[in-house]
Amino acid sequence: NRKIVLRNYVTGFPKESDMELVAAGGAAPSRVPEGTDGAVLVKNLYLSCDPYMRGRMSKSDGSSYVHGFVVAEPITGYGVGKVVDSRHPGFKAGDYVWGMTGWEEYSLIKDPTGLFTIRHPELPLSYYTGLLGMAGLTAYYGFHEICAPKEGERVFVSAASGAVGQLVGQFAKLMGCYVVGSAGSDDKVTLLKEKFGFDEAFNYKKEKDLNLALKRCFPEGIDVYFENVGGAMLDAVLLNMRVRGRVAACGMISQYNLDRPDPIHNLTAIITKRLRIEGFIVSDHYDKYREYEEKVARYVKEGKIAYVEDVTEGLENAPAALIGLFSGRNVGKQVVVVAKE
Ligand code: NDP
């Protein structure tokens, strides 16, 4: 059972060498051990690389909403697997599931109550690491519930080509909004416009002045901002929001590796423009998941949603894939293939 373990706690930008592959000998496990009633044994197929995992690499002070990783223990995160053996009445061998698992070939999950069985195994199983899993519900819930959008409104999405961003943009287009995205390369900008149907997009790394870039794309201002990056982008957006605009604070990836967060200068715009800025954590809303799964599985079958994944082959390459999120190496949802079946 090969696994990726955390080697040391991380400060600043994470490196591949902060994690290492450990190979334990012996045959692949095939049974939930005696005395572990309630557990399931899962063969991991696809692992999800997610920005929030960076927070779990820091030495925990107990303040985060997720507990930290433990040095020398496997990294844990969302993934898709196949149940090999079950001592839990809710799961049986052969079920495909998604949820929290280990960065290893097989995981013994002692409390599987957080796992979801996959109801559409006819769709690519890897989609359950993103579009049909955590990132997808994040985009859907964050956009529809937190942003309270109306048809025709002007929507801005940052980190727009990523797992969450590409879906927010498309959900906004399905609602009849005008949608602009920012991303970190010209190829990503092309993807936004040509594959995901954004009305406009810009490469934030090439813009000298983000305020001017936003004014160019939104001459009448922004009604809804789906925030994925924070920092200078948030500051520029505040200057360009319309009165009674809404901001869904989903993530601030530009801040996750900084010792000291960037200052935000334009907070008074919240008052003068009567803005509503609301943070949310998707795992508080998993009661909405089944409804989401059915709706979006149907969208995929009807061709209403396009979806781009960045697929890395091999558990051994998972650390590089994870740290690549922080330099924008990924194009679309970052997935790691551990095994195909
Ligand atoms: P992505 O697939 O978008 O990958 C991360 C992307 O962020 C990179 O590809 C890169 O794209 C961009 N990025 C990296 N560093 C910076 C930086 N310094 N400034 C600007 N952009 C940067 O990730 P996800 O879609 O999975 O996540 C998007 C956001 O949503 C994250 O902030 C994440 O933490 C948050 N999130 C929040 C959840 C919640 O429950 N609140 C749940 C899931 C995600 P580029 O090339 O464009 O720079």
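Laid out as a table, the results:
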{"read-out": "Answer from 50, 95 - the residue that is modelled with pLDDT of 95 or more, closer than 30 Å to residue 230 by Cα and acidic (Asp, Glu)", "value": "50"}
{"read-out": "Long-range neighbours under 7 Å by Cβ, at least six apart or interchain, first residue more than 20 Å from residue 340 (Cβ to Cβ) within segment 313-325, second within 11 Å of the ligand (Cβ to nearest atom)", "value": "322/49; 322/53; 324/330; 324/334; 325/49; 325/51; 325/334"}
{"read-out": "Among (1) within 16 Å of the ligand (Cβ to nearest atom); (2) surrounded by 20 or more Cβ atoms within 10 Å (Cβ to Cβ) - the single one residue 102 does not satisfy", "value": "(1)"}
{"read-out": "Selected residue [within 15 Å of the ligand (Cβ to nearest atom), surrounded by 15 or more Cβ atoms within 10 Å (Cβ to Cβ) and of a type in the set (D, E, K, R)] from 235, 287", "value": "235"}
{"read-out": "Residues located in segment 321-341, provided they are of a type in the set (A, V, I, L, M, F, W, C) and near the ligand (Cβ under 8 Å from one of its atoms)", "value": "325, 326, 331"}
{"read-out": "Subset of segment 239-277 [in a helix (DSSP H, G or I), away from the ligand (no atom under 16 Å from the Cβ) and among the hydrophobic types (A, V, I, L, M, F, W, C)]", "value": "239, 269, 270, 271"}
{"read-out": "Which listed residue, of 197, 169, 184, is in the same structural domain as residue 219 (by TED's automatic domain parsing), surrounded by fewer than 17 Cβ atoms within 10 Å (Cβ to Cβ) and modelled with pLDDT of 95 or more", "value": "197"}
{"read-out": "Qualifying residue in segment 302-320 (condition: among the aliphatic types (A, V, I, L, M), within 11 Å of the ligand (Cβ to nearest atom) and surrounded by 20 or more Cβ atoms within 10 Å (Cβ to Cβ))", "value": "no"}
{"read-out": "Members of segment 106-158 found to be β-branched (Val, Ile, Thr) and either assigned to a loop (DSSP other than H, G, I, E, B) or within 16 Å of the ligand (Cβ to nearest atom) (or both), listed by number", "value": "118, 129, 138, 146, 155, 157"}
{"read-out": "Qualifying residue in segment 199-206 (condition: over 26 Å from residue 267 (Cβ atoms), free of Cβ contacts under 8 Å to residues at least 40 places away in the same chain and more than 16 Å from the ligand (Cβ to nearest atom))", "value": "yes"}
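The values are calculated or read from the model by the stated rules, or taken from the named source; none is laboratory data. All of these numbers come straight from a predicted model, not from anything done at the bench. Cβ coordinates were reconstructed from backbone atoms using ideal geometry, including for glycine residues, and neighbour counts include every protein chain displayed.
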